[in-house]
Amino acid sequence: MTGHSRLAPSSAFRWVPCPLSVALSEEFPALKQDPSGPEGTAAHEVWNWMLDGLVPDVGTLTSERIPVTIEMIDGAWQFVDKIKSIVDPYQAMHKARFEQSLTMHGIHPLMHGTPDADLDLLEECGEYHIGDYKFGHRSVSPFENWQCTGYTFGAFERLGLSPSQIDNSKVFFHIVQPRCFHNRPASGTWETTGRDLRRLWDKMRRSADEAITLETAATPNMGPHCRDCPGRRACPTFRRNAGANIDWVNWSKPVQMDTESAGIELSYVTAALEQLKSYKDALEQQVEFELQQGGFSPHWSMQPTAGRGRDWTIDNETLFAMGDALEIDLRQPAQPITPSQAMSNREFKKKGFDSELIAEYSKPKPGSVALKPKTDTLASRVFGAKKNGMA
């Protein structure tokens, strides 16, 4: 059991409803690293330290040289407290396993994964607990959570439980997500039984078999999971559905709808916008990646963006002379006052050194390079540029 599983429980939210996503994601992997990945790994390392009794200082570097933040420490305390609240009544911390690999061969021989925490309290109270720590901002529900469902199967497979023991087991999925500020409380729990999970395991088994057996001939299915599918940029179903949404938006139908119909239509529009945004993100990643590799697009280019703040366009001597003329001291011990600081100073404004004057002798700081539509293409000059940069 080496490397990342083709049927990882962590991506089951995607391949269970859409078996085709396994083959597509392998053939068309992500073009750039998720910037939140290293931060999430660091946050997991912090709670591992704290379980061992070590509370790191803010700024401590993790194994991947990510500085520890106060958010990581606060979030880790929530996860550690959750684990202790489960095991402490039975003095069973020794029964808890943290980041220990599990196989799910009864679902598929290629399936394996590593839960954050699995807690075996079957002997103590007939319960098994799966704990998962999410450091992202997006809400993740524990209800019928595919990742935890897979881990539970692996845990029971490891223990070699009989069918009756599985059916009679109480199972708890705990998801701690301290930075999901719009969904409080930060910790969610779903209680079920091994018997009720059999339905979900059967569905996982069918999807896993189809994904590996049929590969690119597997069934595609649209849904919220498309947002996190690297292969969506090459998915014909996703592209076809996005095209249908575009056609639908451009379809004129001057009909006054009643409130109920308008509400239904609003639901469709909201879902269509989510799908189009996901499709737009996928296309942006592809075009941006190709341009960075030296490719060419007649409609798009990588252009610098404006950064935060401004820089003076005149030398210090001229700047200080201007300030002296207005009876304003623009000098600081180490360097001149910045344009942004000058703009926020009310006393300067009263003396005529206002935002308009400051803007004349300063410029925006350069920002990062980003994908932008071209507005000077031949097609644009002939037919006129539209808002999206396409002719």
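The values are calculated or read from the model by the stated rules, or taken from the named source; none is laboratory data. If you're wondering where the values come from, they're calculated on a predicted model, not measured in any experiment. FYI the Cβ positions are ideal-geometry reconstructions off the backbone, even for glycines, and counts take in every protein chain you see.
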Quick one: which of His94, His174, His182 is modelled with pLDDT under 95 and under 23 Å from Asn48 (Cα atoms)?
His94
Return the residue satisfying two criteria in turn: it lies in the range 358-374 and is under 23 Å from Glu284 (Cβ atoms) and surrounded by fewer than 14 Cβ atoms within 10 Å (Cβ to Cβ), and of such residues it is modelled with the lowest pLDDT.
Lys372
For the range 226-247, state whether one or more residues are surrounded by fewer than 15 Cβ atoms within 10 Å (Cβ to Cβ), modelled with pLDDT under 90 and in a loop (DSSP other than H, G, I, E, B).
no
List the strands (runs of 3 or more DSSP E) inside the range 60-156, counting only whole elements, that have at least 2 residues being charged (D, E, K, R) and touching a residue at least 12 places away in the same chain (Cβ under 8 Å).
117-121, 127-133
Which condition breaks for Gln293 when tested against (1) surrounded by 12 or more Cβ atoms within 10 Å (Cβ to Cβ); (2) free of Cβ contacts under 8 Å to residues at least 24 places away in the same chain?
(1)
Regarding the range 77-89, can at least one residue be identified that is over 24 Å from Phe172 (Cβ atoms) and either among the hydrophobic types (A, V, I, L, M, F, W, C) or surrounded by fewer than 19 Cβ atoms within 10 Å (Cβ to Cβ) (or both)?
no
Against the condition hydroxyl-bearing (Ser, Thr, Tyr) and touching a residue at least 24 places away in the same chain (Cβ under 8 Å), how does Thr219 come out, does it pass?
yes
I want to confirm something. Restricting to the range 252-308 and keeping residues that are over 30 Å from Leu31 (Cα atoms) and among the hydrophobic types (A, V, I, L, M, F, W, C), which single residue is modelled with the highest pLDDT?
Leu266
Out of the residues in the range 1-26 that are out of contact with any strand residue (DSSP E or B) (no Cβ under 9 Å at 6 or more places or on another chain), among the aliphatic types (A, V, I, L, M) and assigned to a helix (DSSP H, G or I), state the one that is farthest from Thr62 (Cα to Cα).
Leu20
Tell me yes or no: at least one residue of the range 173-187 is among the aromatic types (Phe, Trp, Tyr) and in contact with a strand residue (DSSP E or B) (Cβ under 7 Å, 6 or more places away or on another chain).
yes
Would you call Thr213 hydroxyl-bearing (Ser, Thr, Tyr), modelled with pLDDT of 85 or more and part of a strand (DSSP E or B)?
no
How many of the residues in the range 27-47 are in contact (Cβ under 8 Å) with a residue 24 or more places away in the chain, out of contact with any strand residue (DSSP E or B) (no Cβ under 7 Å at 6 or more places or on another chain) and of a type outside the set (Lys, Arg)?
13
In this structure, is Pro56 free of Cβ contacts under 8 Å to residues at least 60 places away in the same chain, more than 26 Å from Phe289 (Cα to Cα) and not in a helix (DSSP H, G or I)?
yes
Condition test on Ser36, is it polar (S, T, N, Q), closer than 26 Å to Cys180 by Cβ and surrounded by fewer than 16 Cβ atoms within 10 Å (Cβ to Cβ)?
yes
Look through Glu39, Glu45, Glu71, Glu26 and report the one residue that is modelled with pLDDT of 95 or more and among the charged types (D, E, K, R).
Glu45
